[in-house]
1. What pairs come out if I take residues in region 10-35 that are basic (Lys, Arg) and pair them with residues that are open to solvent by less than 70 Å² (accessible area, probe 1.4 Å) whose C-beta lies under 8 Å away, six or more apart or interchain?
2. For region 42-55, which residues satisfy the criterion of being closer than 19 Å to GLN6 by Cα and open to solvent by 30 Å² or more (accessible area, probe 1.4 Å)?
3. Give the residue that is nearest to LEU72 (Cα to Cα), with candidates limited to residues of region 14-60 that are touching a Ser or Thr at 6+ places or on another chain (Cβ under 6 Å) and among the small types (Gly, Ala, Ser).
4. Among LEU11, LEU61, LEU72, LEU81, which is the only one that is open to solvent by less than 50 Å² (accessible area, probe 1.4 Å) and either modelled with pLDDT under 95 or of a type in the set (Lys, Arg) (or both)?
5. Of ASP30, ASP39, which residue is at pLDDT below 95 and either surrounded by 15 or more Cβ atoms within 10 Å (Cβ to Cβ) or not in a strand (DSSP E or B) (or both)?
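The values are calculated or read from the model by the stated rules, or taken from the named source; none is laboratory data. Predicted model, so just to flag it, every value in this text is computed and none were measured. Don't worry about glycine lacking a Cβ; one is built from the backbone with ideal geometry, like all the others, and counts go over all protein chains shown. Remember, those area values only see protein heavy atoms, side chains included, never the ligands or the DNA or RNA. Shrake-Rupley method; radii C 1.70, N 1.55, O 1.52, S 1.80 Å.
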Amino acid sequence: MKVLDQKKQSLPGANVFIKDSYDGASSSPDGTYSFTANDTGMVTIVTSFIGYETLEKKIRLTGKELNYNPVLKEAFNELKL
């Protein structure tokens, strides 16, 4: 599994985790990540990275391996002087 930006570039150091749990990981230098969760049923997977919009996606966990490759959008923050 890999965290990418809209240009399909990998995002090293992105956080991917199950909301309201301790299950998750940070992506490696090539953007890949993996983690094991004991949860089953509907959960929200959160993906975040500095300078990008946080992505939340509802996913059903069944106990089987899941392949999820989130794509993050750049956040455009306006500086007010």
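1. Qualifying pairs under 8 Å: LYS19/VAL43; LYS19/THR44; LYS19/ILE45; LYS19/VAL46.
2. Of everything in region 42-55, those that are closer than 19 Å to GLN6 by Cα and open to solvent by 30 Å² or more (accessible area, probe 1.4 Å) turn out to be PHE49, ILE50, GLY51, TYR52, GLU53, THR54, LEU55.
3. SER48
4. Selected residue: LEU61, the only one of LEU11, LEU61, LEU72, LEU81 that is open to solvent by less than 50 Å² (accessible area, probe 1.4 Å) and either modelled with pLDDT under 95 or of a type in the set (Lys, Arg) (or both).
5. ASP39
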